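For reference, the structure is listed below as structure tokens.
A short reminder: the numbers here are calculations on the coordinates, not readings from a lab. Since we're looking at a predicted model, the values are computed, not measured. All Cβ positions, even for glycine, are placed from backbone atoms using ideal geometry, and neighbour counts span all protein chains on display.
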Amino acid sequence: METLQLYNLPNIWELQCSLPTKYSWKTLVNLKMSNHWKNILQIDTIQKTSLKYLAINQIKNGKPHISYTTLQPTILDVRKGIIKSRMMTRTYTLQADRHKFSRYEIAPTCQMCNQEPEDLTHMLTTCSALSETRKETFNPIKNHVTKFIGERKWKETFFDRHQITVLIIDCTNFSYIFRESKLKIEELEMLTRDMCYKMHNSRLKLINISV
Ligand SMILES: [Zn+2]
């Protein structure tokens, strides 16, 4: 009873009056359960800033995110996937996070460039210490996208560093634009995964030197 109510399904009396076929019941249960969990996820996303880069409206129940379906069965790719997942779910710790976790005792300033708080946007789009790796890994992303959507649309869509961060972290946020232009989103996902991994490696090297 409670389960039927939870998923907003017909109650036992309604079912007794009109018993659905096995197929229609299965379809209805899948749909109702999917809607239920999607709603919960959406509410959670609004409340949890850690999920702010994820394209929750693109998630389909029972279907893994493109970030997982495009993973190659190699140790290197799995490593890249782990870093990407941590960044997507904001469990990748940067100086700005340490600042919050230490109740503001640790300074949030980036230890590599000392220019501003080190959050994901700073690391991926701005940090001057990582500019070489960024150039090497972001250019293929920009080239891939502009090849399909054109320079003008690129400038209109990715007009600031927040939008660029969103693109790198979860490119499915822009599926509505990419679909029209027949952009191969799987290729784009692999490029962003590569960028996140290489930026992470360069950062680790620099942090270890400065420690
Ligand atoms: Zn920096």
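Please work out the C-alpha center-to-center distance from region 143-159 to region 184-211 and express it in whole Å.
The two parts, judged by their Cα centres, are 22 Å apart.
Roughly how many debye, to the nearest 20, is the charge dipole of region 103-211 about its Cα centre, given +1 on each Lys and Arg Cβ, -1 on each Asp and Glu Cβ, and no other charges?
300 debye
If I take every Cα pair under 8 Å that is 6 or more residues apart in the chain, average their sequence separation and divide by the length, what percent do I get for the relative contact order?
Relative contact order for the chain comes out at 20 percent.
Once you've got the GNM for the chain with C-alpha springs shorter than 10 Å, pick whichever of Thr21, Thr89, Thr165 has the biggest mean-square fluctuation.
Result for the chain, Cα springs under 10 Å: Thr21 fluctuates most.
With +1 on the Cβ of every Lys and Arg and -1 on the Cβ of every Asp and Glu, and nothing else charged, how large is the dipole of region 56-140 about its Cα centre, in debye rounded to the nearest 20?
Charge dipole, region 56-140, about its Cα centre: 420 debye, nearest 20.
For region 66-162, taking Cα atoms only, what is the radius of gyration to one decimal and the Dmax to the nearest whole Å?
16.0, 46
Which ordering of Phe101, Phe148 is given by a fewest-first count of other beta-carbon atoms within 10 Å?
Phe101, Phe148
Can you tell me the convex hull volume per residue for region 145-211, based on C-alpha atoms, in Å³ to the nearest whole number?
92 Å³
To the nearest 20 debye, what charge dipole does the chain have about its Cα centre, counting +1 at the Cβ of each Lys and Arg and -1 at the Cβ of each Asp and Glu?
Around 320 debye, computed over the chain.
For every other residue with a beta carbon closer than 13 angstrom to the beta carbon of Phe158, add +1 if it is Lys or Arg and -1 if Asp or Glu, then tell me the sum.
The answer is +2.
With θ taken as phi - 60° and the coefficients 6.51, -1.76 and 1.60, list the Karplus ³J(HN,Hα) couplings across region 95-102 in order, rounded to whole Hz; mark glycine and proline as x.
So the Karplus estimates, Gly and Pro as x, are 4, 5, 6, 4, 4, 5, 5, 8 Hz.
What does the charge count around Gln95 come to, taking other residues whose C-beta lies under 12 Å from its C-beta (Lys +1, Arg +1, Asp -1, Glu -1)?
-1
Under the rule of -39500 (n - 2.57) per DSSP H run of 4 or more residues, summed and divided by the residues of the chain, what mean residue ellipticity at 222 nm is obtained, to the nearest 500 deg cm²/dmol?
That comes out to -19500 deg cm²/dmol.
So if the hydrodynamic radius of the chain is defined as the Kirkwood radius over C-alpha pairs, what does Stokes-Einstein give as its diffusion coefficient at 37 °C and 0.692 mPa s, in µm² per second?
167 µm²/s
Pro108: net charge of surrounding residues, Cβ under 10 Å, Lys/Arg +1, Asp/Glu -1, itself excluded?
-2
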